[in-house]
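The values are calculated or read from the model by the stated rules, or taken from the named source; none is laboratory data. Remember, predicted model here, so these are calculated numbers, not experimental data. Here the Cβ positions follow ideal geometry from the backbone for every residue, glycine too, while neighbour counts run over all protein chains shown.
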Amino acid sequence: MALFEILQFVIIGLYLLGTGSFITGSLIGKSVFNKLGNVFAVLGFGLHTVDLTLAVTLYHKTVFTGGYFYFSILGWGLILFYFFLWWRFRNTFFALTASPLALLLFISSLAAQSLKVTLPKHLAGLFIGLHIGTIFVSIALMAMAAGAGAAFLYLNNKIKTKAAISGFGKDMPSLNSFDRVNHWAIVVGFPLYTLGLASGFLWARSAFKQMFSWDPKEIVTLLVWFLFAFLFHQRIAMGWRGRKPAMLVIVVFVITMISLWGINFFVPTHHSFKP
């Protein structure tokens, strides 16, 4: 077995151990497991960074034309955002969203090696820098917002019904913290998603001679954009807070994940891989 493959299995193992530790720590209320989860997350992230660096260095001619790189770097970005939120709130709760998703995305990256990306030579830098960069950062923000939204709904329901809050709930940040994460993820994420979408249609115009062709990926991407735009408007202009934006961002994120996994792997399209 090649050293490159061994490295990938070690990364999967570390992310799996981290996910298990975070879940165990949340369920039984033992901080030692959360600290252990952080150790595994840091080690996994470090080796994941090495893996991406080696892929770009050793296979720079082909790495950007395969689905492996894009699924892998999205998982890497999720862990990076988790570290930021952990630094900001000093709470490992957001790892319950980031760690399992990063694990699934890294495993998916290995399965996505057969997926091909068409890169017009004169737009390759634009495609990677604008489309992939902005779309993936916005998806990572969306994931964190969805995790915060789910936690907000859970904790809010517990408070309203005056139900006993278990060890899992006691370790959560406040409702206001979850709402703040939701707010900033939407405020920053929507403009980035819009920029990524615009650059993606520019890429399609160059690669396929048309901006829109009723491809399933394009239709779902536009649906996500309209829902995201509505959420952005309601949050900024109408002052939405609490339950409504929490529920809608979960819907937007679920549709995005259906597009990312369901359409790319199971629905025949004439386009190459596209988030």
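For the stretch 28-57, the tally of residues that are touching a helix residue (DSSP H, G or I) at 6+ places or on another chain (Cβ under 6 Å) and in contact (Cβ under 8 Å) with a residue 60 or more places away in the chain stands at 3.
With respect to the conditions (1) crowded, with 18+ Cβ neighbours inside 10 Å; (2) modelled with pLDDT under 80; (3) assigned to a helix (DSSP H, G or I), MET172 falls short on a single one, namely (3).
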